[in-house]
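The values are calculated or read from the model by the stated rules, or taken from the named source; none is laboratory data. This structure is a prediction, so every number in the text was calculated from the model and none was measured. Counting neighbours? That spans all protein chains shown, and the Cβs are built from the backbone with ideal geometry, glycine included. To get the accessible areas, we keep the full protein, side chains included, count just its heavy atoms, and leave off ligands, DNA and RNA. Shrake-Rupley method; radii C 1.70, N 1.55, O 1.52, S 1.80 Å.
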Amino acid sequence: MPRPFWHADIHADRRPFLIGRGRVKAALAGWFADQGFITVECGAVQISPGNETHLHGFPVQWRPEGGSEQTLYLHTSPEFAAKKLLAAGETMIVDFARVWRNGEQGPLHSPEFTMVEWYRAHAEWTAVIADTLALARTAQAAGNGLLSWRGRTCDAMAEPEMLSCEQAFARHAGIDLAACLDNRDALAAEVARIGLDVRADDTWSDLFSKVIVTIEPKLGDGRLSFLTHYPVCEAALARPCPTDPRWAERFEAYACGVELANGFGELTDAAEQRRRFVADMDEKQRLYGRRYPIDEDFIAALDHMPPASGVALGFDRLALLALGGTDIRQVIWTPFPG
């Protein structure tokens, strides 16, 4: 059994990374302040932890005085609460939020971690892509040199690679993604052709994910990669592209094969958001035997929310790469007890 983090010699080894974490966080907070963002603090306990199929929350039991016990959840993202603040009239907000995702643990995953999530009302998604690039550069400047992970490096100061999902599938997997949209059997045939396992119960989304995980290690090599224009069915909270509604205004940012950020042009159609949530919870029920409630207050807020774009960035991962670490626990002051 490994010795606990609080042993003096173990802490001494981790301390330079922890001090560096503070330096990176201060640099990012300064960047947001200079841009005019308001720092908010969204509550961690919510009606729903999030309604994406493969995200799992931590339930908490609330016992209101004089009332019956209720199940609430630690949030997997401050997104629902932050969007309610946009509906209330805020226009540029950021939260350095503690978030919880059950079952995710490893060198790049901690069940409890810090997510930097920010929103710009009345802004195109290209604006928050530019924000993400600026933040990666800010973190690199506050770190120990280039972004690095397990022998690979990425210079955030270099011109980034912009790559649509359609281009990435063609370049790195030899698959014509557009020809397979909404056609599970066509995509299954392509996935099998490139040597990946195909199960009879794989959905279109399952097959898409199997290809994506082979593409991700090839991104962010030497420079940042922005993977853009996801199929609309792979963007639960993003709006469709106005020029081609088959694709969504969703992007992910990568350095050294590591996903750092996930951003959207935000969906504000309440009816469509409900439809997507129900479909995702139906799939969660099929796969995992559970579903989470839909936050009706969030759905109602969407009718009052302005057009906006936003990003969720894994702060611990960005700090880890900026400081040249090898395990996310190096940059977390008190690691998760599991």
Discussion item. Any residue that is touching a residue at least 12 places away in the same chain (Cβ under 8 Å), open to solvent by 20 Å² or more (accessible area, probe 1.4 Å) and touching a Phe, Trp or Tyr at 6+ places or on another chain (Cβ under 9 Å) - is there at least one of those in segment 61-70?
Written reply: no
Fill in: Subset of segment 280-308 [in contact with a Lys or Arg (Cβ under 8 Å, 6 or more places away or on another chain), outside any helix (DSSP H, G or I) and exposed (fewer than 15 other Cβ atoms within 10 Å of the Cβ)]
ARG290
Item to complete: From (1) of a type in the set (A, V, I, L, M, F, W, C); (2) touching a residue at least 40 places away in the same chain (Cβ under 8 Å); (3) surrounded by fewer than 23 Cβ atoms within 10 Å (Cβ to Cβ); (4) not in a strand (DSSP E or B), pick out the condition that doesn't hold for PHE277.
Response: (3)
Worksheet item: Residues in segment 133-168 that are touching a Cys at 6+ places or on another chain (Cβ under 9 Å), within 19 Å of LEU28 (Cα to Cα) and assigned to a loop (DSSP other than H, G, I, E, B): how many?
Response: 1
Fill in: Matching residues, segment 227-251, being closer than 21 Å to LEU135 by Cβ and in contact with an Asp or Glu (Cβ under 7 Å, 6 or more places away or on another chain)
LEU227, LEU237, ALA238
Discussion item. Can you find, within segment 285-338, the residue that is farthest from VAL128 (Cα to Cα) among those that are free of Cβ contacts under 8 Å to residues at least 60 places away in the same chain and among the hydrophobic types (A, V, I, L, M, F, W, C)?
Written reply: ALA300
Worksheet item: Only one of ILE215, ILE175 is closer than 30 Å to GLY145 by Cβ and surrounded by 15 or more Cβ atoms within 10 Å (Cβ to Cβ); which?
Response: ILE215
Discussion item. Against the definition (surrounded by fewer than 21 Cβ atoms within 10 Å (Cβ to Cβ), more than 19 Å from GLU252 (Cβ to Cβ) and of a type in the set (D, E, K, R)), how does ARG98 come out, yes or no?
Written reply: yes
Practice prompt. Name, by its number, the condition in (1) within 26 Å of the chain's Cα centre (by Cα); (2) open to solvent by 60 Å² or more (accessible area, probe 1.4 Å); (3) at pLDDT 95 or above that does not hold for ARG199.
Written response: (1)
Fill in: Number of positions in segment 115-159 that are surrounded by 22 or more Cβ atoms within 10 Å (Cβ to Cβ), within 19 Å of the chain's Cα centre (by Cα) and of a type outside the set (A, V, I, L, M, F, W, C)
5
Fill in: Test result for THR243, under 19 Å from PRO307 (Cβ atoms), touching a Leu at 6+ places or on another chain (Cβ under 8 Å) and of a type outside the set (Asp, Glu)
no
Worksheet item: If you check every pair at least six apart or on different chains, which have Cβ atoms under 7 Å apart with a residue in segment 174-186 that is closer than 17 Å to ILE215 by Cβ first and a residue that is polar (S, T, N, Q) and open to solvent by less than 30 Å² (accessible area, probe 1.4 Å) second?
Response: none
Item to complete: Can you confirm whether segment 29-37 contains a residue that is assigned to a loop (DSSP other than H, G, I, E, B) and open to solvent by 40 Å² or more (accessible area, probe 1.4 Å)?
Response: yes
Item to complete: Look at ALA87 and say whether it is over 17 Å from GLU252 (Cα atoms), open to solvent by less than 20 Å² (accessible area, probe 1.4 Å), more than 15 Å from the chain's Cα centre (by Cα) and touching a residue at least 60 places away in the same chain (Cβ under 8 Å).
Response: no
